[in-house]
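Taking it in order: structure first as structure tokens, then the write-up.
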Amino acid sequence: MHGAADFPLLSMLVMVPAIGSLLVALSPRRRPEYAKLIATVTSVGVGAMSVWMLRAFDSHSGDFQFVSRHPWIESWGISWHLGVDGISLFLVVLTGVLFPLAIVGIDPHNDDPRRDKPYFAWLLLLEAGVMGSFVSLDLFLFFVFFEIVLVPMYFLIGGWGYEGRVGAATKFFLYTMLGSAFMLVSILATVFIASANGLGRITFDLIELAEGASFAASTGRWLFFGFAIAFAVKVPVFPLHTWLPDAHTQAPTAGSVVLAGVMLKLGTYGFLRFGLYLFPEAARWSRPLWLTLAVIGIIYGAIAATMQGDLKRLVAYSSVAHLGFIVLGTFAFTSQAITGSVMQMVNHGVSTGALFLMVGMIYERRHTRQIADLRGLQHVAPVFAAAFTVVMLSSIGVPGLNGFVGEYLILIGSFLTARWWVVVAATGVILAALYLLWAYQRVFHGEPDEENRSFPELRWREGMVLLPFIGIIVFTGIYPKPMLERIEPAVHDLIEHVSERTGYVEPQPTAVSVDDGHGEGE
Amino acid sequence: MLDVIWLVPALPLVGFLTILLLGRRLGEPGAGYIAAAAVLGSFLVTVGAFFDLLSMDEHHREHVSVLFSWVPVSSLQIDMALLADPLSITMALFVTGIGFLIHLFAIGYMHGDPKFPKFFLYLNLFVLSMLMLVLGENLLVTFLGWEGVGACSYFLISFWHTRESAATAGKKAFVTNRIGDWGVMLAMFLGFQAVGSVSYSALNGAAESGALASSTATGIALLLFVGAAGKSAQLPLYLWLPDAMEGPTPVSALIHAATMVTAGVFLMTRMNPVIAASADYAPQIIAWVGALTALFAATIAVAQHDIKKVLAYSTVSQLGYMFLAVGTGAYVAAVFHMVTHAFFKALMFLGSGSVIHGMHHEQDMRRMGALRTVMPITAGTFIVGWLAIAGVPPFAGFWSKDEILLFTLASSPVLYVIGLVTAVLTAFYMTRQVVMVFFGEARWESHADDHGAHGEFRPHESPPIMLVPLVVLAGLSMVGGVIQLPSFGIIPDGWRHRLEDWLHPVVEPGEAVIKGTGAYDAKSWLALLAIACAALGIAAAIAVYAKGRAKPFEPELLARGWRYDEAISAFMGGPGRRAFDAVARFDSQVVDGAVTGTATGVRSVAERLRRGQTGFVRNYSAVVVAGVLGVLIWFVIIRGVL
């Protein structure tokens, strides 16, 4: 459909990291440096392609672009169907940019250099899985990628994590697998029921199903909940979140960055792409439930974050709160709120990714993540502290930085349809300031004690890794328009689709015509 | 200059970026000069814009400059746009003007500080944010500045962050302000829902034309007031401001006296048509909160010993006056008092900074005294500030406070009495401060030993770069009243109500009508009464603190600020913290416990099932036989197949 469609860009985005992973796995055992080289080249290449896609993306269209569609298992109606629209565009780009930074910028600290090989192989496979999930327009394909993601993550946490890694990895794997089981059942049921009701043939194609199938209300709700459980675990939505603090805390830094940066978004993205799009009626119907859980998540996550003694756990709980905002916006069904949600997925990836990076740097230097062990770091490492401050303020949602724009859009859009939820949710911005500033005070302020006096300042390489994060944080905070105008058409189409199916009318506050306000006729 | 109004915030931005990139190389005093020059440039552009506006017809004194589209999503279209009109230019003038003087002062005050460039980095960022706040064309741009000044305030309060108290104070300021921000955000949402925009012209226009429902207007007004109460340190959110004195003194002067804390008053004035369109109780609440804050803070100031704490509570109290004015529809008087207060309070804060500087970082007034002999210029200028805030004519504070009291009486006699009592207290505690610091016996000599490191301890006058701002501000505090003189017999016509005429297009919808009220007719007598109150306060303080006619009345309860702060801290540290802890425990034990419990349950069931897998054929065959028997029994006996 797009002019550049001759080049299978999306297929490349998925296949290149997969092939890279295979090459790393096949690289000679005795030359471990090849592993990192291959991983670097591959991920930088993918990143470059994703940025190129951003440039080529037509910002006026809400349709899927760069579509590539090839029959795969024709008898079952399964096809290799990929496409990207405003909702997935920035998640793909974020994935493309985050992986090279994680691969180049974070040292896995393998005592045995030969362990580099599996590490990079798993990371690249992870990238392929995440990319595939974001661009799949076929339920079967999506499920495959959604599941592939678990495997490398399991091994990364279990193999390169911290003291409690095995338990955390198992918990992560089983918890998300359980959710996926519901989704698998739902996918199969959706396909068969759809073929019996209106479609007349078996197909796993998302667009055909969403546009062609119609479900009885109760059926649609059951099917929706199958998907929703998988996504709710992934997000995670309260009270299904307890795998997250463990997984985050125990994962190696690159794992945490990827987990927070893009993997959690599989859940929120799934809600939009497969929840609202496939089952508009059920999504509308169950809206109070999701809004309530989202608001609970915002407050509860923030309160739990306040009381954490481990920096990584603190950031993990803050993710629960932030993703609560995204779920709130998703189920508000207004252009502002959903656009804000999509933007916030990216913002959270950037700022929380950067936070995990910096906590990783602290751990590397001090071999502790306990707030109580740290003190006065701003005195000895002012540049490090300044970088942390910018990222922290972005996470708190201070205007002028990226986090604010997304949060603001979510809240102002949700206010139109879910006023009282927003009144409560907005208190989350107070709590966000509380837990982050309190932690900052304990870690960075005060007089450094003996152990912290020799805390090394930010190094050049670390600075170079953080610079893109801070650049994005400032740029999108001040000039979010390029991002918003690419997201909005797709969001508009999605709401349109919901309206057609459910008769829902999006509230549109229109400017009251004012004869120029100030005293004309006096 | 209106076409280049963007230069006003852009120059401090350039200063900020320059110091950010070259700060270490610029060092001291280079960074300070760059920062001060940037603010001076802004001031000059603002002056140019002022004259441009002045030359325009009164009803068209408004210039909107759209920089770019900031947050455009569907029906929500928010521009990064600046609005130059009489109100914003008035604010910008004193922000940049006083800001420049304080920058100069700070070059001297921060001399020798290892983080000298960083201080000016924050200072320029602050001025930038403050200018966005006042020049914003819509609530969101103002909110950008609003949060920006909050962040800078946080940086600057905890500037000496190795001190635990400074770090805590900064955090407290930020978090308390965030409570207010919650209100501002919701006000914006409500406004957007009602009129589809957050721009001032749309909201105020809808309020004026009656398109905004009274209930909505009330909601917006009160929610904005929550924000204003946070930013401008009103009850019950004032408690961050006294702690904010942990910051370097130029910061206290600039942020916590002259500019940032008046942002709430500015916002209320900016939105005056909406307040006018709201239910009557909304302005009444504002007036009462203002009056009570004014009185409450004044009582605390009476018993403080820290030179800056007195000024801090005094600021809270004076801001209370401004909200009293806003609540009674005296917007011009509120802005007038904001300007004069900026003059004399910045002056006194800088004066206290000069004292602290000269006293080698001593802040306790009980260890001062007789400083006028060693610091004559500081003392002289401080005394001008004292006369201004005490309400002695013809100093600036007299005129503005008198105008507020006049409007208050027209609105409510009870509030007027509170205002008068506060005026007496203000004169009293300020006189007390002046006496304790500059007169009486020199108590610092007996404490010289505490400063052992210096050997011979002797306070000294500050260098010229610190004294020039003091002298300029003292001049402004003396004659500042001319911008809004009342219509008394001897005052020539052309000099009367200049600020009122200037602000008229902005405040016209909300401004109360004072002419024709009983208060207005009695205004000469009221002015005499106000002077008498000031005299009473001054005389009482002199009698107690200079002449020793009576023992000072400084009860512990007042010294500790009615224990309000302690109560809040005790609550946060006690039940608040326990509740938070309970949530965290609930999460690990109940929510996660359920998950772990399920896992353990599954495992133990599996464990028991596993025991069946013994590997012995006889066990298996026994189970098979039992199974066959069971099936047979089922079919034969229960279902009766045979």
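Every number here is computed from the coordinates shown, using simple stated rules; none is lab data. Just so it is clear, the structure is predicted and the values come from calculations on it, not from any experiment. Don't worry about glycine lacking a Cβ; one is built from the backbone with ideal geometry, like all the others, and counts go over all protein chains shown.
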Please work out which one of (1) among the aliphatic types (A, V, I, L, M); (2) part of a helix (DSSP H, G or I); (3) surrounded by 17 or more Cβ atoms within 10 Å (Cβ to Cβ) is the condition B:Leu22 fails and give its number. (3)
(1) of a type outside the set (S, T, N, Q); (2) at the interface with chain B (Cβ under 10 Å from one of its Cβ atoms); (3) more than 15 Å from A:Tyr277 (Cβ to Cβ); (4) touching a helix residue (DSSP H, G or I) at 6+ places or on another chain (Cβ under 9 Å) all hold for A:Val491 apart from (3)
Every listed condition ((1) facing chain A (nearest Cβ under 9 Å); (2) of a type in the set (Gly, Ala, Ser); (3) within 27 Å of B:His63 (Cα to Cα); (4) under 18 Å from the mean Cα position of the chain (by Cα)) holds for B:Ala166 save (3)
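Only one residue in A:Leu393, A:Leu431, A:Leu436 is at the interface with another protein chain (Cβ under 8 Å from one of its Cβ atoms) and outside any loop (DSSP other than H, G, I, E, B), so which one is that?
Details: A:Leu431 fails: at the interface with another protein chain (Cβ under 8 Å from one of its Cβ atoms); A:Leu436 fails: at the interface with another protein chain (Cβ under 8 Å from one of its Cβ atoms).
On inspection, the qualifying residue turns out to be A:Leu393.
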Yes or no: A:Leu484 touching a strand residue (DSSP E or B) at 6+ places or on another chain (Cβ under 6 Å), farther than 14 Å from A:Ala381 by Cβ and part of a helix (DSSP H, G or I)? yes
Kindly indicate whether any position in the range B:246-253 is of a type in the set (Asp, Glu) and buried (at least 21 other Cβ atoms within 10 Å of the Cβ). yes
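Within the range B:146-156, does at least one residue satisfy the condition of being charged (D, E, K, R) and either more than 8 Å from chain A (Cβ to nearest Cβ) or more than 23 Å from B:Leu76 (Cβ to Cβ) (or both)?
no
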For the range A:78-111, how many residues meet the condition of being closer than 21 Å to A:Leu124 by Cβ, out of contact with any Gly (no Cβ under 9 Å at 6 or more places or on another chain) and in a strand (DSSP E or B)? 2
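Any idea which of A:Glu488, A:Glu496 is within 21 Å of A:Ser341 (Cα to Cα) and without any contact (Cβ under 8 Å) to a residue 12 or more places away in the chain?
Going through A:Glu488, A:Glu496 in turn, just one is within 21 Å of A:Ser341 (Cα to Cα) and without any contact (Cβ under 8 Å) to a residue 12 or more places away in the chain: A:Glu496.
Taking B:Ala229, is it crowded, with 24+ Cβ neighbours inside 10 Å, away from chain A (no Cβ under 14 Å) and in contact with a helix residue (DSSP H, G or I) (Cβ under 7 Å, 6 or more places away or on another chain)? First the steps, then the outcome.
Working: crowded, with 24+ Cβ neighbours inside 10 Å: yes; away from chain A (no Cβ under 14 Å): yes; in contact with a helix residue (DSSP H, G or I) (Cβ under 7 Å, 6 or more places away or on another chain): yes.
So B:Ala229 passes the test.
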For B:His60, only one of the following conditions fails: (1) under 26 Å from B:Val251 (Cα atoms); (2) surrounded by fewer than 24 Cβ atoms within 10 Å (Cβ to Cβ); (3) not charged (D, E, K, R). What is its number? (1)
Can you tell me which of B:Ile356, B:Ile377 is part of a helix (DSSP H, G or I) and out of contact with any Leu (no Cβ under 7 Å at 6 or more places or on another chain)? B:Ile356
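Do we have B:Asp79 as touching a Lys or Arg at 6+ places or on another chain (Cβ under 7 Å), among the acidic types (Asp, Glu) and more than 7 Å from chain A (Cβ to nearest Cβ) here? If you could, list the steps in order and put the result at the bottom.
Working: touching a Lys or Arg at 6+ places or on another chain (Cβ under 7 Å): no; among the acidic types (Asp, Glu): yes; more than 7 Å from chain A (Cβ to nearest Cβ): yes.
Spelling it out, it is not the case that B:Asp79 is touching a Lys or Arg at 6+ places or on another chain (Cβ under 7 Å), among the acidic types (Asp, Glu) and more than 7 Å from chain A (Cβ to nearest Cβ).
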Is it the case that the range B:31-43 has a residue that's within 14 Å of chain A (Cβ to nearest Cβ) and of a type in the set (S, T, N, Q)? no
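Quick one: would you say B:Ala579 is within 14 Å of chain A (Cβ to nearest Cβ) and of a type in the set (A, V, I, L, M, F, W, C)? Reasoning before the result, please.
On the way: within 14 Å of chain A (Cβ to nearest Cβ): yes; of a type in the set (A, V, I, L, M, F, W, C): yes.
Answer is yes for this residue.
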Looking only at helices (runs of 4 or more DSSP H) that fall completely inside the range A:252-350, which ones have 1 or more residues that are β-branched (Val, Ile, Thr)? A:253-258, A:265-270, A:287-306, A:311-330
Being under 16 Å from the mean Cα position of the chain (by Cα) and surrounded by fewer than 24 Cβ atoms within 10 Å (Cβ to Cβ), is that true of even one residue in the range A:150-161? yes
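Could you run through the range B:111-133 and say how many residues are more than 14 Å from every other protein chain (Cβ to nearest Cβ) and either crowded, with 24+ Cβ neighbours inside 10 Å or over 12 Å from B:Glu28 (Cα atoms) (or both)? Reasoning before the result, please.
Step one: filter the range B:111-133 for residues more than 14 Å from every other protein chain (Cβ to nearest Cβ), giving B:111-112, B:120, B:123-124, B:127.
Still in the running and either crowded, with 24+ Cβ neighbours inside 10 Å or over 12 Å from B:Glu28 (Cα atoms) (or both): B:120, B:123-124, B:127.
So the count comes out to 4.
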For the range B:475-508, the count of residues that are out of contact with any Gly (no Cβ under 8 Å at 6 or more places or on another chain), in a loop (DSSP other than H, G, I, E, B) and not small (Gly, Ala, Ser) equals 6
Name the pairs: first residue in the range A:171-192 and within 12 Å of chain B (Cβ to nearest Cβ), second residue among the acidic types (Asp, Glu), Cβ to Cβ under 9 Å, at least 6 apart or on different chains? A:Lys171/A:Asp246; A:Phe172/A:Asp246
Which number in (1) closer than 27 Å to B:Leu67 by Cβ; (2) among the β-branched types (Val, Ile, Thr); (3) free of Cβ contacts under 8 Å to residues at least 24 places away in the same chain marks the one condition that B:Val184 misses? (3)
Could you please tell me which pairs satisfy a Cβ distance under 8 Å, a separation of 6+ or placement on different chains, a first residue in the range B:418-438 that is farther than 15 Å from B:Trp386 by Cβ, and a second residue that is of a type in the set (Ser, Thr, Tyr)? B:Gly419/B:Tyr321; B:Gly419/B:Thr408; B:Thr422/B:Ser317; B:Thr422/B:Tyr321
From the list A:Thr292, A:Thr268, A:Thr242, pick out the single residue that is touching a Leu at 6+ places or on another chain (Cβ under 9 Å) and either within 23 Å of A:Phe143 (Cβ to Cβ) or of a type in the set (S, T, N, Q) (or both). A:Thr268
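For the range A:396-422, which positions are outside any helix (DSSP H, G or I) and at the interface with chain B (Cβ under 7 Å from one of its Cβ atoms)? Before you say what the answer is, go through the steps one by one.
First pass over the range A:396-422, keeping only residues outside any helix (DSSP H, G or I): A:397-401, A:418.
Matches in the range A:396-422: A:Val398, A:Pro399, A:Gly400.
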